[in-house]
Amino acid sequence: MFNGASILITGGTGSFGKNCTKHLLANYDVKKIIIFSRDEYKQFMFKQELPDHRLRFFVGDVRDKYRLKRAFDGVDYVLHAAAMKQVPTCEYNPIEAIKTNVDGATNVVEAALDAGVKKVIALSTDKAVNPINLYGGTKLLSDKLFIAANSYAGGKGTTFAIVRYGNVAGSRGSVIPYFQNLVKNGIRNLPITDQRMTRFWIGIDNGIELVMKALEFSRGGETFVSKIPSFKVTDLARAILPDCGFDEIGIREGEKLHEIMITKADAKFTREFDDYYVIYSHLDIDHVSTVLKSSGKELPEGFSYSSDSNTWWLGVDELSELCQNIKII
Ligand SMILES: NC(=O)c1ccc[n+]([C@@H]2O[C@H](COP(=O)([O-])OP(=O)(O)OC[C@H]3O[C@@H](n4cnc5c(N)ncnc54)[C@H](OP(=O)(O)O)[C@@H]3O)[C@@H](O)[C@H]2O)c1
């Protein structure tokens, strides 16, 4: 479906954007991929890293709807990855986070409708589920804007869907490079906020795979959630330094003990497929009931998908192997 297509990635110079661009160029005969982001230097560096005649670079800010409208002209698919995503930064600069993550989402919706884009896939996070920090709050609003946009797309045919995943293993500033650095500097007691803490494990390739599935299968209004394993943060520390001690430093503001992807309330609107779950939009209830009756597997009463109640776990040995081969992105 991507052969001959024009695809635009907002935040195309970020971890997701760069890896997804490489995946698309390697696997499809796309017409062009437009990288939309603010910093010309990051674009310059990406151009050097990946010289390919199908790449286009567009400097712009998602806060600027006129620039988005210009960029979306003739585009078939939009992947919306531009975001402010550092929890503390968003907490201390709330208006900036709202401008990028919420106003930016509104602008992407409007520009996509005006330009007649076929599909928009917006990236979400587990932090948008029952949010306790501003980052999660802005991403929840962004998700709601994209889902609602399907109801006012009218006859234009543009559809919007969400892909939700957790912290990407090895992304800059994440816990693995942080622990690895401490160990390199001779630290033997690793700082753990709470020894009970659990997280989901997702690699960037799984994230890209799910976005590809969403592009192929979404009809509008779905949230795609990967089926991925969980791990205990203490096991991750032991995987990096087997005889480490722990310094329990206490849970930080805006941090959860366990992450959640699908709440009990959403589970009623969710169906299970082989590698992922799909939460259907509550808005278009007639359509939803038809889909729910016809596809995927029903979830048991009281189901929720959280990092502590997951049935798939990574132990120390598996984590150790994954950490040894991890690419910092
Ligand atoms: N990484 C994770 O662990 C993770 C987990 C779950 C969900 N997600 C979601 O996945 C998406 C992509 O994350 P990522 O890890 O690729 O982020 P990233 O590496 O920080 O990249 C962010 C990208 O967005 C661009 N950007 C930021 N503000 C912008 C603005 N106002 N206008 C236009 N472009 C802007 C940045 O480039 P410039 O600064 O040059 O503009 C950069 O290209 C985000 O929506 C994030 O919430 C990420």
Got a sec? Which helices (runs of 4 or more DSSP H) wholly within the range 219-329 have at least 2 residues that are more than 16 Å from the ligand (Cβ to nearest atom), under 26 Å from G137 (Cα atoms) and small (G, A, S)? 264-267
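Do you know which of the residues in the range 305-329 that are under 22 Å from V129 (Cα atoms) and in contact with an Asp or Glu (Cβ under 8 Å, 6 or more places away or on another chain) is surrounded by the fewest Cβ atoms within 10 Å (Cβ to Cβ)? It would help to see each step written out before you state the result.
Start the filter on the range 305-329 by keeping residues that are under 22 Å from V129 (Cα atoms), which leaves 305-313.
Now narrow it down to the ones that are in contact with an Asp or Glu (Cβ under 8 Å, 6 or more places away or on another chain): 306-307.
Numbers: S306: 21, S307: 25.
Looking at the filtered set, the residue picked out is S306.
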Residues of the range 73-95 that turn out to be more than 16 Å from L140 (Cα to Cα), within 13 Å of the ligand (Cβ to nearest atom) and either hydrophobic (A, V, I, L, M, F, W, C) or exposed (fewer than 15 other Cβ atoms within 10 Å of the Cβ) (or both), as a count: 3
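Could you tell me which residue of the range 1-57 is farthest from R172 (Cα to Cα), considering only residues that are β-branched (V, I, T) and out of contact with any His (no Cβ under 6 Å at 6 or more places or on another chain)?
Pass one, the range 1-57, residues β-branched (V, I, T): 7, 9-10, 13, 21, 30, 33-35.
Filter once more, keeping what is out of contact with any His (no Cβ under 6 Å at 6 or more places or on another chain): 7, 9, 13, 21, 30, 33-35.
Values: I7: 25, I9: 20, T13: 13, T21: 18, V30: 29, I33: 24, I34: 24, I35: 20 Å.
Applying the filter and picking the extreme gives V30.
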Residues of the range 91-108 being under 30 Å from G154 (Cα atoms) and either of a type outside the set (V, I, T) or in a loop (DSSP other than H, G, I, E, B) (or both), in sequence order, are A97, K99, N101, D103, G104, A105, N107
In the range 16-55, residue farthest from Y77 (Cα to Cα) [restricted to those that are under 23 Å from the mean Cα position of the chain (by Cα) and loosely packed, with under 13 Cβ neighbours inside 10 Å]: D39
Test: L190 is on the phi < 0 side of the Ramachandran plot, assigned to a helix (DSSP H, G or I) and buried (at least 19 other Cβ atoms within 10 Å of the Cβ): no
State whether the residues of the range 27-34 include one that is within 14 Å of the ligand (Cβ to nearest atom), modelled with pLDDT of 95 or more and not β-branched (V, I, T). no
Note on the range 41-63: residues more than 8 Å from the ligand (Cβ to nearest atom) and either touching a residue at least 40 places away in the same chain (Cβ under 8 Å) or in contact with a strand residue (DSSP E or B) (Cβ under 7 Å, 6 or more places away or on another chain) (or both) are F46, K47, R54, L55, R56, F57, F58
The condition of being surrounded by 24 or more Cβ atoms within 10 Å (Cβ to Cβ), without any contact (Cβ under 8 Å) to a residue 60 or more places away in the chain and assigned to a helix (DSSP H, G or I) holds, among A122, A111, A149, only for A111
Consider only pairs whose beta carbons are under 6 Å apart and that are at least six residues apart or on different chains; among these, list those whose first residue lies in the range 152-177 and is modelled with pLDDT of 90 or more and whose second residue is in a strand (DSSP E or B) and away from the ligand (no atom under 14 Å from the Cβ). T159/K119
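The values are calculated or read from the model by the stated rules, or taken from the named source; none is laboratory data. Here the structure is a predicted model, which means the values were calculated and not measured. Methodologically, a virtual Cβ is constructed for each residue, glycine included, from the backbone with ideal geometry; neighbour enumeration extends over all protein chains shown.
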